[in-house]
Each structure stands twice: as C-alpha cells, then as structure tokens.
Amino acid sequence: TQLLEQSPQFLSIQEGENLTVYCNSSSVFSSLQWYRQEPGEGPVLLVTVVTGGEVKKLKRLTFQFGDARKDSSLHITAAQPGDTGLYLCAGARLGGSNYKLTFGKGTLLTVNP
Amino acid sequence: EAEVAQSPRYKITEKSQAVAFWCDPISGHATLYWYRQILGQGPELLVQFQDESVVDDSQLPKDRFSAERLKGVDSTLKIQPAELGDSAMYLCASSSGQGAITQYFGPGTRLLVL
C-alpha cells in the first residue's frame, strides 16, 4: 500500500521558472523528509520538517509541512538545470524504538537550460 | 564528511546465480537499513538492524534473501538464487540509533539480472 502520494510524477520546465511539488497522505507522520536523488546515486537528504505548519527554506527551495502533519509541499524558485533530479518525500513513524520511513514514488524534475 | 559506503556499485548476473552486496555505515551509527528501489518507485525497506540484531525483516523475501550484520558494524545482503524481478537499486542507509529520524544513504548497488 502506497501511503504517500506525490504529484506530479513528472515535471519538465525551463530554467528560471517556479514550480511546486506535493506530497499527500491520509496518515499522520511524526516528521516528513525530502530527498533529492540523481541517476545512479542514493537519495540525499534536503530537509526534515517536524512541526505542523512548519516552513523551512534552503536557498531557492521552500518546504512546508501541513498543519495536520499529513502533507507537504516543496516550492522551487527560479529553477536551474542543477535542480534536475528525482524528489522523494518520506514520512517517518515511530515503530518500537526506531523511526521507519515510508517513501513516495517521487517527482522526476527536468530543468531545461 | 562521513559517508555510507556500498560495493559493488554495479552488478550484472544471470538468473539463478547468487549475489552479495556490502555496506559500511557511518562510523558509530547503530541502526542500519537495506532498501530496494525499483525503477520509477521510491525505496522500500527490506531489513533494519539495531546493532547486530534484526528489528524488522517483515518485507524481506526470506526464501531467497538473507542479511547479516555480525559485529554490528558492516552488513551483507545476499540473494540466492537471483530472479529477473530482483533487478533494482539496493540502497543501504544508517542512522545514529534509537530515536534518530535522519537516515543517511549510500550510493547504492544497481543490480541487473539477465
């Protein structure tokens, strides 16, 4: 069962455009993480959001955690070709004494020069 | 900067053969995870270790997959026999221990079964 739905699945834009990708669930998570993955590499953590309504900024990237801690969004301003990659969201839940991550399928972003 | 190491980076094998993947987590990280990522999908957890003990292997196909972390440091994931459907990226991740949210991923091993 896929608990995290990401949209859109694919996104191709021109350099300089803005974009938003979404991560939605019917379940509540302790926290939500965003990763970027380049072809043939492992995911690299971008940010962790913990508090409902929390907004975090990382240069041109803005991350928001929904008030109910069920959804999140990632907004990129003035996208650059270096932003190209697979963006994955992952929800964390405490299972025993360890957190378990559930990943969405990802949004594959292509930024054309 | 400390990183999770994995080897090999790429592996091509024929079906019914045995394959093994190795992972060395960030030094001092007690929790180690193995994930499988099929093309077009997000990673799915196969097995989780706390030190040398398995804490979750509910999604590990135990008829053909095995994992060990004998000394609580590095880990090996084995598939025997490999099947065509096992072609995927196998990712290892580690975290500092109980209660830690952040997982750090290695570069992965891409497996192709012919």
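Side notes on the structure shown:
- Conditions (1) open to solvent by less than 40 Å² (accessible area, probe 1.4 Å); (2) within 21 Å of B:Trp34 (Cβ to Cβ); (3) without any contact (Cβ under 8 Å) to a residue 24 or more places away in the chain; (4) among the hydroxyl-bearing types (Ser, Thr, Tyr): number failed by A:Ser97: (1)
- Test: B:Ile26 is more than 15 Å from the chain's Cα centre (by Cα) and among the β-branched types (Val, Ile, Thr): no
- Test: residue in segment A:32-44 that is farther than 27 Å from B:Arg36 by Cβ and aliphatic (A, V, I, L, M): no
- When A:Gly42, A:Gly85, A:Gly66 are checked against the criterion of being in contact with a strand residue (DSSP E or B) (Cβ under 8 Å, 6 or more places away or on another chain) and either at the interface with chain B (Cβ under 8 Å from one of its Cβ atoms) or exposed (fewer than 13 other Cβ atoms within 10 Å of the Cβ) (or both), A:Gly42 stands alone in meeting it.
- Residues of segment A:1-39 that turn out to be among the aromatic types (Phe, Trp, Tyr), part of a strand (DSSP E or B) and within 11 Å of chain B (Cβ to nearest Cβ), as a count: 2
- Filter pass, A:Leu108 being within 14 Å of chain B (Cβ to nearest Cβ), more than 23 Å from A:Ser30 (Cα to Cα) and of a type outside the set (Asp, Glu): yes
- Each residue in segment A:69-82 was checked for being part of a loop (DSSP other than H, G, I, E, B), open to solvent by 40 Å² or more (accessible area, probe 1.4 Å) and within 18 Å of A:Ser7 (Cβ to Cβ), and 1 pass.
- Taking segment B:39-73 as the range and being in contact (Cβ under 8 Å) with a residue 40 or more places away in the chain and open to solvent by 20 Å² or more (accessible area, probe 1.4 Å) as the test, the residues that pass are B:Leu39, B:Gln50, B:Val73.
- Answer residue from segment B:74-114, given it is over 14 Å from the mean Cα position of the chain (by Cα), within 14 Å of chain A (Cβ to nearest Cβ) and in a loop (DSSP other than H, G, I, E, B) and is surrounded by the fewest Cβ atoms within 10 Å (Cβ to Cβ) among those: B:Gly99
- Among the conditions (1) touching a strand residue (DSSP E or B) at 6+ places or on another chain (Cβ under 7 Å); (2) farther than 21 Å from A:Pro39 by Cβ, B:Ser53 misses just one, which is (1).
The values are calculated or read from the model by the stated rules, or taken from the named source; none is laboratory data. Fair warning: this is a prediction, and the values are worked out from it, not measured in the lab. Glycine gets a Cβ as well: all are built from the backbone with ideal geometry, and neighbour counts include every protein chain shown. All accessible areas refer to the heavy atoms of the entire protein, side chains included, with ligands and DNA or RNA removed. Shrake-Rupley method; radii C 1.70, N 1.55, O 1.52, S 1.80 Å.
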